[in-house]
1. Report, in degrees rounded to the nearest 10, the 0 to 90 angle that the Cα long axis of helix 180-189 makes with the longest principal axis of the chain.
2. Got a sec? How would 220, 85, 173 order by Cβ neighbour count within 10 Å, fewest to most?
3. Under the rule a/c < 1.5 gives rounded, and otherwise a/b versus b/c splits prolate from oblate, where does the range 139-212 land using the Cα gyration tensor?
4. Shape of the range 169-239 from its Cα gyration tensor (a ≥ b ≥ c, root eigenvalues): rounded if a/c is under 1.5, otherwise prolate when a/b > b/c, or oblate?
5. Which log10 I(q)/I(0) values, to two decimals, does the range 217-339 give at q = 0.15, 0.18 Å⁻¹ under the Debye formula with one point per Cα?
6. I want to verify a result. In a Gaussian network model of the chain, Cα cutoff 10 Å, which of these has the top mean-square fluctuation: 42, 63, 181?
7. Under the 0.36 nm per residue contour assumption, what length would be gained going from the current alpha-carbon distance of residue 51 and residue 101 to full extension?
8. Only bridges whose two residues both fall in the chain count here: according to DSSP, what percent of them are antiparallel, nearest 5?
Ligand SMILES: [Zn+2]
Ligand SMILES: [Zn+2]
């Protein structure tokens with residue numbers, strides 16, 4: 001059997017191990033992808049730390065995958081070898097359960113396919129993915145450019161476009177890290193009156209460069225008060241992992257405003273009185289399925305949205321992960337698996 005290099009985790013909180021594995025075969029309904037790039041996402045910690053009971057070991061993490069189809073299993077009609085494709089968090093769905101038939105593919109009741117969690121992901125030279133999980137990657141994007149858009153990109157783009165905010169309305173993006181730096185770009189390009197909120201004066205220039213019309217430094221200003229002075233935000237996109245920081249900006253929402261939560265904070269406390277008085281809503285958003293990713297890639301090409309990446313070879317996956325987890329990476333870490 002031909003071999004490949006892969007980075008795997010064999011137990012909760014175990015190290016990343018660079019190993020040789022047999023190249024997997026494409027079974028029915030799946031394709032094999034020769035991986036070119038894979039983003040390193042905060043949610044890879046679910047595999048690394050074993051905090052999600054769904055994870056079984058050994059497991060290859062990685063759900064921001066871009067590569068080329070090199071083998072097609074039986075029963076797959078749409079995809080052919082040579083096509084460049086991406087795979088994100090959603091690893092597929094049945095298409096026939098009640099939730100799928102209502103269009104809620106992300107909530108499929110038949111099985112839970114999560115790339116790099118319930119089956120092996122993109123920290124490897126090859127992976128196998130279900131055919132309905134594939135997004136076509138446009139030629140204008142390099143594989144390292146496209147990879148972070150398969151989770152960070154689709155999560156921000158898809159949550160914003162489904163938030164109910166209309167062009168010209170005030171949308172605040174809270175946090176200017178891996179998610180936030182994309183959120184500001186998507187919000188600005190979508191025609192929202194985009195305000196960025198982050199900590200520290202030094203992030204202002206970047207926020208404006210990415211398209212924000214205004215920057216709020218939460219170290220010296222009360223973001224809720226500033227947003228209220230601007231008329232209130234229709235939507236605040238909460239990209240942080242701190243529930244307290246999220247709660248502190250809720251007062252900046254306009255009447256009927258929505259706190260759109262995409263940062264996986266451990267908990268969030270809001271005041272029912274405040275929610276009632278303003279008819280406010282707190283809403284979570286699931287990244288999306290493959291067609292949402294494909295839309296994200298197309299919009300990114302059309303509008304010139306790019307992730308700012310630090311690129312590492314596959315064998316330095318552990319270092320890339322550490323830099324991401326410690327918040328040092330600017331702004332997404334990506335493994336270049338073709339090197
Ligand atoms: Zn992710
Ligand atoms: Zn289903």
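Read the figures in this text as sums done on the coordinates, not as results from a lab. Quick caveat, the model's predicted, so the values are computed rather than measured. Positions of Cβ are backbone-derived with ideal geometry, glycine not excepted, and every protein chain shown enters the neighbour counts.
1. 70
2. Final ranking by Cβ density, sparse to dense: 220, 85, 173.
3. Judged from the Cα gyration tensor, the range 139-212 comes out oblate (a/c at least 1.5, b/c at or above a/b).
4. Taking the square roots of the gyration eigenvalues as a ≥ b ≥ c, the range 169-239 is oblate.
5. Taking Cα atoms of the range 217-339 as identical point scatterers yields -0.91, -1.11.
6. Of 42, 63, 181, the Gaussian network model singles out 42 as fluctuating most.
7. Difference between extended and current length: 15.0 nm.
8. If I count the DSSP bridges inside the chain, around 55 percent turn out antiparallel.
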